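Student: Supplied in structure tokens, the structure appears directly below.
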């Protein structure tokens, strides 16, 4: 197959709508310079889908604000952007969203070769907003394998734990599938986009009963170089049960049980969080009815949980076990230490490796 056949420009053109909005905002009915048009096309095709979504969302915010003032969307003067972020801060918009808006506008103005929308006054305004907004950045609750135990190596699982959740699932088709999905997602620290796209051919079973999972593409690997993750014998057993039960010989592993199967052929990304929340709620109600958990904690825990909770929990367990940051970054496919360290900061102090070490010293 030729290189030309391997490259499909249509499949790479997810940014068409954004480009249209951007060029219309900057040039109206006029034709943009050919070099800038080409630059916008090249940038949009090379960017991650989430980046394009974020920039498109921020551009709509600017468009609505400028329209209310009877001003063109672009270019933005620093005073325009200053007034916009001040207005959004007063509306209670988070500092992180405001910082992203500013970054998006800087990116777009640079692409269009427009004067920068940022000056010293605006940067001071950003610092002021950050200082006054004391809210912590939202983070999914980590679903840890044994829960918040003091010694991750030797202690039995706590009442609220991933092991307990998986054991509570029924041996129905949905229960077998969900148990395999939850266990696999935790072991490999998978994002939901990675989890639903696991193909049968991605699972390489090892003589030890464990497996090597090929992750062909991820949020931090837009070029598709691929990486490998480890799966425990527990996950392999659950995967085997599901694959045999569903009679899957090829294609995606995690599929919808309904006849209404989407065109993608795999479980929808948005379904992962719903499944985890529903399963967790049922499990926590059982614990609460048995007197092992206050009923008032159920909504708090479920509302803080998402598909990302499996990745967060894996990260936290690795830190609690004393695994080196570099090994965690490699194993969970991080390109920066910022996020894994942020997840580790939310470990309960008594369950950290530091606490375990201090207990040994204090004896």
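Student: Find how much the distance from residue 237 to residue 90 grows on full extension, using 0.36 nm per residue of separation minus their present alpha carbon separation; answer in nm with one decimal.
Tutor: Gain in length upon complete extension: 47.6 nm.
Student: With everything on Cα atoms, drop me the angle between helix 34-46 and the longest principal axis of the chain, reported from 0 to 90° to the nearest 10.
Tutor: For helix 34-46, the angle is close to 10 degrees.
Student: Then there's this: Mark the label point 7 Å from the Cα of residue 296 along Cα→Cβ and return the residues of region 320-363 whose backbone N is within less than 11 Å of it.
Tutor: Within reach of a label on residue 296: no residues.
Student: Give the separation of the Cα centroids, region 270-289 to region 80-136, in Å.
Tutor: The two parts, judged by their Cα centres, are 38 Å apart.
Student: Still on this structure, I have one more. Return the FRET efficiency for the residue pair residue 245, residue 100: r is the Cβ-Cβ distance, R0 is 56 Å, and the value is rounded to the nearest 0.05.
Tutor: Efficiency, from the Cβ-Cβ distance: 0.80.
Student: Just one of [x] -0.27, -0.77, -1.09; [y] -0.30, -0.81, -1.07; [z] -0.26, -0.71, -0.98 is log10 I(q)/I(0) by the Debye sum over Cα atoms at q = 0.06, 0.10, 0.12 Å⁻¹ as worked out from the coordinates here. Which one is it?
Tutor: Label of the calculated value: [y].
Student: Report the residue, chosen from 166, 83, 181, that carries the largest GNM mean-square fluctuation when the chain is represented by alpha-carbon nodes joined by springs under 10 Å.
Tutor: Comparing 166, 83, 181 in a Gaussian network model of the chain, the most mobile one is 83.
Student: Evaluate the distance, in nm, between pseudo-label points positioned 7 Å from the Cα of residue 278 and of residue 124 along their respective Cα→Cβ axes.
Tutor: 5.5 nm
Student: Compute the FRET efficiency between residue 330 and residue 42 as 1/(1 + (r/R0)^6), taking r as their Cβ-Cβ distance and R0 = 35 Å, and round to the nearest 0.05.
Tutor: Working from the Cβ atoms, E equals 0.65.
Student: Sort 193-204, 110-121 by packing, meaning the average of other beta carbons within 10 Å per residue, with the highest value first.
Tutor: Highest-to-lowest ranking by the protection proxy: 193-204, 110-121.
Student: What is the angle, in °, between the Cα long axis of helix 95-111 and the longest principal axis of the Cα atoms in the chain? Nearest 10 is fine, range 0 to 90.
Tutor: 50 degrees
Student: Then there's this: Which residue fluctuates the most in the chain, going by a Gaussian network model with Cα springs under 10 Å, if the choices are 242, 230, 124?
Tutor: 124
Student: If you don't mind, there's one more thing I want to ask. Per DSSP H run of n ≥ 4, the term is -39500 (n - 2.57); total these for the chain, divide by its residue number, and report the mean residue ellipticity at 222 nm rounded to 500 deg cm²/dmol.
Tutor: -16500 deg cm²/dmol
Coordinate-derived values only; no laboratory data. Here the structure is a predicted model, which means the values were calculated and not measured. Every residue, glycine as well, gets a Cβ built from its backbone with ideal geometry; the counts of neighbours run over all protein chains shown.
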